[in-house]
Structures are given as C-alpha cells and as structure tokens.
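The values are calculated or read from the model by the stated rules, or taken from the named source; none is laboratory data. Note that the coordinates shown come from a computational prediction; the quantities given were computed from them, not determined experimentally. As a convention, Cβ positions derive from the backbone with ideal geometry for all residues, glycine included, and neighbour counts pool all protein chains shown.
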Amino acid sequence: MEKTESKEEIEILNEEEKTPDSDGNKNLEKKDKEHNHNKAKMKIAALEEEIAKLNEKVKYHQAELINYRKRKDEETSSLLKFANQDLIMELIPVLDNFERAIKLDDNNLNDELSKFLDGFKMMYAQLVEILKRFGVEEIDCLGKAFDPSEAEALMIDHEENQEDNVILEVLLKGYRLKDRVIRPAAVKVNKKIEKGEDKNE
C-alpha cells in the first residue's frame, strides 16, 4: 500500500520547490539590473566622449572663424590702404617727365625756355604735394648703403674715396606708398677694387 502524503507535507514540499525559483528570479533581476547599469554607464561614457569631441570641433571652428575674420579685415584694410596704388603708378612717370624737363632749365631769367619751364616747375610742385597727401614719398637713398629692397643697381663704379656698396647716383627715383615700395630706385653703386683685382673686370 502506497504511503499517502499528508496535506502538511505537500505544502512544505511546495514551499521548498518555490524557494529556489524565487532566489533564482532575484539573482536574475540583480544581474539584469547590473547589466543595465553597466550598459547605461557605457552609454553615458560614450556620450560624454562624443560631447567632448563635438566641443573640440566647435572650438576649432570658432578659432577658424576668428582667423578668417582677421584675414578678411587685414585684406580689406590693405585694399583700402593701397587702393590708389594703380593710379599713383600711372602718375609717377609723369613726375619723371616733369623732372627731365626741369633739368633743361639754365636758370637764365631772360631766356624763353626758363620762362616756359617756370610753369612746369609749378605744376610739378603741385603734383608732388598732392601725391604726398596720399602717402607717396621719394626714397632717399643717395649716399646711403645699397638696400636691394629699396633700390636696383643698374650700374657699378669704382671710387676709392667712397665707401664700398654706397649709392653714388640715383638714375631713376624710387617711390614708397605709405610703408610699401611701389617702385625701387635705379642706382649706381660703388664697388671698391680689392688689391690684385683688375679694374676693368
């Protein structure tokens, strides 16, 4: 005859069966929470990294924009500063021609040529004054050391009583517009002859 389990025994068995399941569920829930927490932490870290990268990009583009504005301001300033350069470059040869004409004057007040050139001198002086007002000035280089940024050596001479590399003569005047050389002076430069060097070389 089979042994019949009492009602109390059945209930105890049922409770024992339920207990491991309950603990297992709790463990699963805990693992799920930990997994979700880790996933959230990783997501936050990834987002923080992305934000840091985006901040760097924003800073880079802001710096680029500031540099671009600076460049554009400098270009605009330079354009305004030298806006008249082309016109001035056209007028400088006119000055040259005035100077050539004035050099013909022998300062004989009774001479017809001198009387005629008086008008030229007045126009020349007026033109020089106008150009000065716009920032044009002659490059003063006669008797000074040759500077290739301001002058071009077209001729070389050998004068022992002059310093080496000094400008002996200005063949064509040079001009500066504000702080820019717009036409270098054409000059004759002194070159001392070293001992044993042939003067005709």
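Please work out if I102 is within 30 Å of K188 (Cβ to Cβ), touching a residue at least 40 places away in the same chain (Cβ under 8 Å), not in a loop (DSSP other than H, G, I, E, B) and not aromatic (F, W, Y). No.
Limited to segment 105-151, what total is found for residues that are part of a loop (DSSP other than H, G, I, E, B) and not small (G, A, S)?
Here is the first cut: in segment 105-151, the ones part of a loop (DSSP other than H, G, I, E, B) are 105-111, 134-135, 139-144, 146-150.
Retained after the next criterion (residues that are not small (G, A, S)): 105-111, 134, 139-142, 144, 146-148, 150.
The qualifying residues number 17.
Say whether the condition of being part of a loop (DSSP other than H, G, I, E, B), surrounded by 12 or more Cβ atoms within 10 Å (Cβ to Cβ) and under 34 Å from the mean Cα position of the chain (by Cα) is met by at least one residue in segment 177-187.
So the first thing to find is which residues in segment 177-187 are part of a loop (DSSP other than H, G, I, E, B), and the list is 178-179, 184.
Of the ones still in play, those that are also surrounded by 12 or more Cβ atoms within 10 Å (Cβ to Cβ) are 178, 184.
Now narrow it down to the ones that are under 34 Å from the mean Cα position of the chain (by Cα): 178, 184.
Within segment 177-187 (the criterion being part of a loop (DSSP other than H, G, I, E, B), surrounded by 12 or more Cβ atoms within 10 Å (Cβ to Cβ) and under 34 Å from the mean Cα position of the chain (by Cα)), the answer is yes, since at least one residue qualifies.
Would you confirm whether or not segment 81-92 contains a residue that is under 30 Å from R133 (Cβ atoms), of a type in the set (S, T, N, Q) and under 21 Å from the mean Cα position of the chain (by Cα)? Yes, that holds for at least one residue.
Residue pairs whose Cβ atoms lie under 6 Å apart, separated by 6 or more positions or on different chains, with the first residue in segment 123-135 and modelled with pLDDT under 95 and the second in a loop (DSSP other than H, G, I, E, B), are F134/N84; G135/K178. Criterion first (within 30 Å of V128 (Cβ to Cβ) and either under 34 Å from the mean Cα position of the chain (by Cα) or modelled with pLDDT of 90 or more (or both)) does V58 satisfy it? No, not satisfied.
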